[in-house]
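What follows is one structure encoded as structure tokens, with my remarks underneath.
The values are calculated or read from the model by the stated rules, or taken from the named source; none is laboratory data. The model shown is predicted, which means the values in this text are computed figures rather than measured ones. Note that we place each Cβ from the backbone using ideal geometry, even for glycine, and neighbour counts take in every protein chain shown. Ligands, DNA and RNA are excluded from the accessible area calculation, which covers all protein heavy atoms including side chains. Shrake-Rupley method; radii C 1.70, N 1.55, O 1.52, S 1.80 Å.
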Amino acid sequence: LPVVTTNCSNNYGLWQFPEKLIPVMAIAAMEGRPLPVYGRGENVRDWLHVEDHARALALVLEKGRLGETYNIGGNAERRNIDVVRAICAHLDEARPDHAPHDRLIEFVTDRPGHDLRYAIDATKIERELGWTPSETFESGLAKTLQWYLDNADWWREIRARRYDGRRLGTG
């Protein structure tokens, strides 16, 4: 079969279902609820903005070599606690009447088997196809958080009708 395969790091961005780390923390902070961080927040992830991921997929589809696998990364490894603090800092500026948001951080028992680090080596797609992410973590996070601030009706509807905020797949 004429196929190419891709693997990616953690995606984030607009319209992300509110079960994932960035929307979970952003929404909880906007609502003044606790921000539950697993363990001490030392788990490391590489963050890839969804628009960069889409651009990479289109490039691999157009120019990737058949039968090859390409890793797509954001070149933005961060500890979870640093991601949560960045969310809090952004919201402190956007909603200063609720600041400081980092006062809401609560460390909770880590999930069993929770990987300490997810890493991805994206040098092949960079070398062979010339792709690198357009968004820095900071620029992508700012766009994402502004979208959640501007689109509260969207995530509130999900929370009210389809998703109560608990981690999916645990019950």
Scan region 37-68 for residues that are of a type in the set (A, V, I, L, M), within 15 Å of the chain's Cα centre (by Cα) and more than 18 Å from ILE81 (Cα to Cα) and jot them down.
VAL50, ALA54
Residue in region 55-68 that is at pLDDT below 95, closer than 25 Å to THR5 by Cβ, among the acidic types (Asp, Glu) and open to solvent by 40 Å² or more (accessible area, probe 1.4 Å) present
no
Suppose the filter is assigned to a loop (DSSP other than H, G, I, E, B), surrounded by fewer than 13 Cβ atoms within 10 Å (Cβ to Cβ) and touching a helix residue (DSSP H, G or I) at 6+ places or on another chain (Cβ under 8 Å); does ARG40 pass it?
yes
Matching residues in region 86-114 (touching a Lys or Arg at 6+ places or on another chain (Cβ under 9 Å), open to solvent by 60 Å² or more (accessible area, probe 1.4 Å) and either of a type outside the set (Phe, Trp, Tyr) or not in a strand (DSSP E or B) (or both)) number 2
Close pairs (9 angstrom Cβ cut-off, 6 or more residues apart or separate chains): among the acidic types (Asp, Glu) in region 85-98, in a helix (DSSP H, G or I) and surrounded by 15 or more Cβ atoms within 10 Å (Cβ to Cβ) anywhere
ASP92/HIS98; ASP92/HIS101; ASP92/ASP102
